[in-house]
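First up is the structure itself, then whatever we jot down about it.
The values are calculated or read from the model by the stated rules, or taken from the named source; none is laboratory data. None of the values given here were measured: they were computed from a predicted structure. Note that each Cβ is placed from the backbone with ideal geometry, even for glycine, and that neighbours are counted across all protein chains shown. The accessibility values were calculated without ligands, DNA or RNA, using every heavy atom of the protein model including side chains. Shrake-Rupley method; radii C 1.70, N 1.55, O 1.52, S 1.80 Å.
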Amino acid sequence: MYKKIVACVLTLTMMLSVSPVLAKQKSETVKSGTVNSITNEYKKATLKANTKLNASISNKSAYKSITEAGTTARKQVYDHKGTVVVKLKSKSAEYQKVFESLEKVIYAETASSSQGDFMKWDVDETETEFSAKKSGSYYYYTFTMHIDYLTTLSERKKLDAKVDEVISSFKFTNKTSTHEKIKKVYDYVCENVSYAKSSSNEKVYSAYSALINKKAVCQGYATLIYKMYRTLGISTRVIAGNSSFSGDNHGWNIVKLGSYFYNIDATWDSTLKHANKSYNYFLKGDSFKGHTRWSEYNTYSFYYNYPMAAKAYSSKVAAKACSKTKIANFKNKKPKFKSVSRKKVVFKKIKNATYQFKYSGVNNFKKKYTITVNTKKTKYKLKKLRKGVTYWVKFRTRKKIGSKKYYSKWSAIKAI
């Protein structure tokens, strides 16, 4: 079972019909809840929103950008602070989106093996209150996060020391390949950790329990794998999803080997290992039997940042990108002009792609002032341009991948 962590009470307002826009809500109390996957009961939580419009703001310098505020908050969560107060300013009145952006900064991947996914999944539960004041074009937010952790700070330090001790025992050298490191860590976890028969003690959801107590559920397996690989400088992520067999929440990892990421599931392979059976879930391609990702790990953006291999790892066959990674790479590609003049534009060639080109008398490309051209050629002669008038041009590429057509990003806009 994979425990669904309550990231923040704010995120639960998506279940409500009320639109989360501050300008329309001067004061409200919203009660919401989330399913606890252990007991399948609802945990009640309260969101208190106090909004004042056109208010005077004292000490505006204390309110930082989302990036600055999130970076400061990350350090406090890393230090296991029970209450974290965040002051930030934003032009957005949508408090939920503002908080989601803040969370992304707090739990962003860093060079530390104790931050990123490890820190995110070590947070057991968070309840958040906030207030906001509008002054000028900005909303000034104060978010107060009350955080419960699965482990204590002293336990995390004990875990860090044990991870270093175990890795040191492997006696890796400069000649040890990444594959050898990945396999050695995986073998260690599968051999030394057993699946916890009871989850009444929530510690079994932690990497601490996996390594120190040698018992854990999948969240503990996955976060331990994450910490050990990150300690070795190997790129990895914790993937949350569901078992396709049972429908239960489940978690596993992806790990980078060469140019691509591969799926691994130490929880299920540990069970096989203890039964003296071979691994079935080690270094598999994007099609991962029995595993269904949650939506946030199944976007083109995620597949662009974490490109997946099409098939299981083989030292004898060169890896290739899976279909979704190919699409993600194409959609994120920003094409470039080879040359631009008032007579002719030339596109840099993209293999097996066609081109959609726009030129306009206004730089926002309003439809009635814009001409759109679809062409297979990399050159296009401009026609009927008025003398003395500035025109703007841009293009994007289009490619058929599988049975569907996809567009790249637009090129930079050029004035002619």
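Numerical summary
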quantity	calculated
Qualifying positions in the range 251-262 - open to solvent by less than 10 Å² (accessible area, probe 1.4 Å) and touching a His at 6+ places or on another chain (Cβ under 7 Å)	TRP252
Residue match in the range 344-360 (condition: within 14 Å of TYR407 (Cβ to Cβ), assigned to a helix (DSSP H, G or I) and touching a Phe, Trp or Tyr at 6+ places or on another chain (Cβ under 6 Å))	no
Yes/no for TYR313 being out of contact with any Cys (no Cβ under 9 Å at 6 or more places or on another chain), part of a loop (DSSP other than H, G, I, E, B), among the aromatic types (Phe, Trp, Tyr) and closer than 17 Å to GLU180 by Cα	yes
Residues of the range 281-291 satisfying the condition of being open to solvent by less than 90 Å² (accessible area, probe 1.4 Å), part of a loop (DSSP other than H, G, I, E, B) and either of a type in the set (Lys, Arg) or touching a Lys or Arg at 6+ places or on another chain (Cβ under 9 Å) (or both)	TYR281, PHE282, LEU283, GLY285, ASP286
The range 205-222: number of residues that are surrounded by fewer than 20 Cβ atoms within 10 Å (Cβ to Cβ) and either in contact (Cβ under 8 Å) with a residue 12 or more places away in the chain or in contact with a Gly (Cβ under 8 Å, 6 or more places away or on another chain) (or both)	3
Residue, farthest from LYS120 (Cα to Cα), within the range 140-162, restricted to residues that are in contact (Cβ under 8 Å) with a residue 40 or more places away in the chain and assigned to a helix (DSSP H, G or I)	LYS162
Flag for TYR407 being within 25 Å of ASN298 (Cα to Cα), hydroxyl-bearing (Ser, Thr, Tyr) and in contact (Cβ under 8 Å) with a residue 12 or more places away in the chain	yes
Odd one out for PHE337 among (1) more than 30 Å from ILE182 (Cα to Cα); (2) open to solvent by 40 Å² or more (accessible area, probe 1.4 Å); (3) aromatic (Phe, Trp, Tyr)	(2)
Selection count, the range 361-413, where residues are part of a strand (DSSP E or B), open to solvent by less than 90 Å² (accessible area, probe 1.4 Å) and either touching a helix residue (DSSP H, G or I) at 6+ places or on another chain (Cβ under 8 Å) or within 18 Å of LYS336 (Cβ to Cβ) (or both)	14
Scan of the range 292-325 for residues that are basic (Lys, Arg), open to solvent by 80 Å² or more (accessible area, probe 1.4 Å) and either within 17 Å of LYS256 (Cα to Cα) or in contact (Cβ under 8 Å) with a residue 40 or more places away in the chain (or both), ordered by number	LYS311, LYS320
From PHE357, PHE337, PHE330, PHE365, residue being touching a strand residue (DSSP E or B) at 6+ places or on another chain (Cβ under 9 Å), over 30 Å from LEU283 (Cα atoms) and in contact (Cβ under 8 Å) with a residue 60 or more places away in the chain	PHE337
Hits in the range 325-369 - residues which are modelled with pLDDT of 95 or more and of a type in the set (Val, Ile, Thr)	THR325, ILE327, VAL340, VAL345, VAL346, THR354
Count of the range 287-316 residues which are more than 22 Å from VAL217 (Cα to Cα) and over 17 Å from the mean Cα position of the chain (by Cα)	9
Answer residue from the range 268-280, given it is open to solvent by 50 Å² or more (accessible area, probe 1.4 Å) and of a type in the set (Gly, Ala, Ser) and is nearest to the chain's Cα centre (by Cα) among those	SER278
Sole residue being farther than 20 Å from SER114 by Cα, touching a residue at least 12 places away in the same chain (Cβ under 8 Å), open to solvent by less than 10 Å² (accessible area, probe 1.4 Å) and not hydroxyl-bearing (Ser, Thr, Tyr), chosen from ASP248, ASP265	ASP265
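Residues checked against (1) in contact with a Phe, Trp or Tyr (Cβ under 8 Å, 6 or more places away or on another chain); (2) under 26 Å from SER177 (Cβ atoms):
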residue: SER243; (1), (2): no, no
residue: SER246; (1), (2): no, no
residue: ASN249; (1), (2): yes, no
residue: TYR260; (1), (2): no, yes
residue: ILE264; (1), (2): yes, yes
residue: ASP269; (1), (2): yes, yes
residue: LYS284; (1), (2): yes, yes
residue: PHE288; (1), (2): yes, yes
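Each row is one residue, and each column tells you yes or no for (1) touching a residue at least 12 places away in the same chain (Cβ under 8 Å); (2) within 23 Å of SER259 (Cα to Cα); (3) not in a loop (DSSP other than H, G, I, E, B).
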{"residue": "ASP164", "(1), (2), (3)": "yes, no, yes"}
{"residue": "SER168", "(1), (2), (3)": "no, no, yes"}
{"residue": "LYS184", "(1), (2), (3)": "yes, yes, yes"}
{"residue": "LYS203", "(1), (2), (3)": "yes, no, yes"}
{"residue": "MET228", "(1), (2), (3)": "yes, yes, yes"}
{"residue": "VAL238", "(1), (2), (3)": "yes, yes, yes"}
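One line per residue, one yes/no per condition, for (1) at pLDDT 95 or above; (2) closer than 20 Å to ALA240 by Cα; (3) open to solvent by 60 Å² or more (accessible area, probe 1.4 Å); (4) among the hydrophobic types (A, V, I, L, M, F, W, C):
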position	(1), (2), (3), (4)
GLY116	yes, yes, no, no
VAL123	yes, yes, no, yes
TYR138	no, no, yes, no
LEU150	yes, yes, no, yes
ARG156	yes, no, no, no
THR173	yes, no, yes, no
TYR186	yes, yes, no, no
GLU191	yes, no, yes, no
